[in-house]
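**Student:** Got a structure here, written out as structure tokens. Questions coming.
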Amino acid sequence: MQITTVDHPLALARLTTMRDKRTDNAAFRGALDDLTQMLIYEALRGWPTDDHAIETPLAAHTGVRLHRPPLLVPVLRAGLGMVDQAHAMVPEAQVGFVGIARDEATAQPVPYLASLPADLSDQPVFVLDPMLATGGSMLYTLNLLADRGATDITAVCVVGAPPGVAALENSGLPVRLVITTIDERLDDANYIVPGLGDAGDRQFGPR
Ligand code: PRP
Ligand code: URA
């Protein structure tokens, strides 16, 4: 699996804000906005383009447009905090939604929403979820997409842990990973350490 870590100093500075337990919900969402912009920028590096004929005020010019913009799929709740910024970067993208809540006792994904196009066979997909811990939620999402024919999937995450990365690697699914950093480990409750806590709660409050 191709893994791109986005370790630009600005990305690491925003991540530090997100990790800091003194950061309030609004500042956490702001840092996630900024970081999402950087992750999407890197995820689209080298993306195929089509020629696009325009006229500048001075001359005819052939520029480019994105070839086949990715479908953006935030994984609720925490991925919701990435979708507005990703959509601002790729305004022509369509958006699907997946809702999954991890069972706190077992860490198993409990799905509650899938709103996706039926046929993804010719459609690149960006899955947006800040956290990749055990990988259960991401794997569930990848399988939903693969069942609809997706063959070109990018997981766009903020923080991962080795078991989540290994789960994607071993899945055999057509996915690459764009992520700020892969942390040390999971704790006994399957939280990422050092991590940033519960990314859904830190944006929207406890559920
Ligand atoms: C978080 C996170 C991922 C999942 C990662 O969501 O946003 O979806 O946990 O953990 P995993 O890799 O072990 O599956 P959570 O279930 O806490 O729901 P929330 O976003 O609604 O808070
Ligand atoms: N989900 C989170 O929001 N944080 C973690 O550390 C693990 C799963």
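**Student:** Are there any pairs, at least 6 apart or on different chains, whose C-beta atoms fall under 6 Å, with the first in segment 95-108 and of a type outside the set (F, W, Y) and modelled with pLDDT of 95 or more and the second more than 6 Å from ligand 1 (Cβ to nearest atom) and part of a loop (DSSP other than H, G, I, E, B), and if so, which?
**Tutor:** Partner pairs satisfying both residue conditions: G96/L116.
**Student:** Can you name the number of the only condition in (1) within 10 Å of ligand 2 (Cβ to nearest atom); (2) surrounded by fewer than 22 Cβ atoms within 10 Å (Cβ to Cβ) that A199 fails?
**Tutor:** (2)
**Student:** Residues to consider are D119, D188; find the one that is part of a loop (DSSP other than H, G, I, E, B) and within 16 Å of ligand 2 (Cβ to nearest atom). Working first, answer last.
**Tutor:** Values: D119 fails: within 16 Å of ligand 2 (Cβ to nearest atom).
Result of the check over D119, D188: D188.
**Student:** Just checking, which of A146, A150 is of a type in the set (G, A, S), assigned to a loop (DSSP other than H, G, I, E, B), more than 27 Å from R14 (Cα to Cα) and more than 16 Å from ligand 2 (Cβ to nearest atom)?
**Tutor:** Working: A146 fails: assigned to a loop (DSSP other than H, G, I, E, B).
Step by step, each of A146, A150 is checked, and only A150 is of a type in the set (G, A, S), assigned to a loop (DSSP other than H, G, I, E, B), more than 27 Å from R14 (Cα to Cα) and more than 16 Å from ligand 2 (Cβ to nearest atom).
**Student:** Next up: If I ask for residues that are part of a helix (DSSP H, G or I), under 25 Å from L139 (Cβ atoms) and more than 16 Å from ligand 1 (Cβ to nearest atom), which ones from segment 86-101 would you list?
**Tutor:** As a first pass, look at segment 86-101 and keep what is part of a helix (DSSP H, G or I): 86-89.
Those still in the list that are under 25 Å from L139 (Cβ atoms) too: 86-87.
Result: H87, single match.
**Student:** Then there is this: Can you name every residue in segment 131-160 that is more than 12 Å from ligand 1 (Cβ to nearest atom) and under 19 Å from D103 (Cβ atoms)?
**Tutor:** Once the filter is applied, which keeps residues that are more than 12 Å from ligand 1 (Cβ to nearest atom) and under 19 Å from D103 (Cβ atoms), segment 131-160 yields N143, L144.
**Student:** Inside segment 25-77, can you point out the residues that are within 16 Å of ligand 2 (Cβ to nearest atom) and part of a strand (DSSP E or B)? Lay out the reasoning, then the answer.
**Tutor:** Let us first name the residues in segment 25-77 that are within 16 Å of ligand 2 (Cβ to nearest atom), namely 25, 28-29, 31-32, 35-36, 74-77.
Result: P74, V75, L76.
The values are calculated or read from the model by the stated rules, or taken from the named source; none is laboratory data. What you see is a predicted model, and the numbers here were worked out from it, not measured in a lab. Neighbour counts are summed over all protein chains in view; Cβ atoms, including those assigned to glycine, are modelled from backbone coordinates with ideal geometry.
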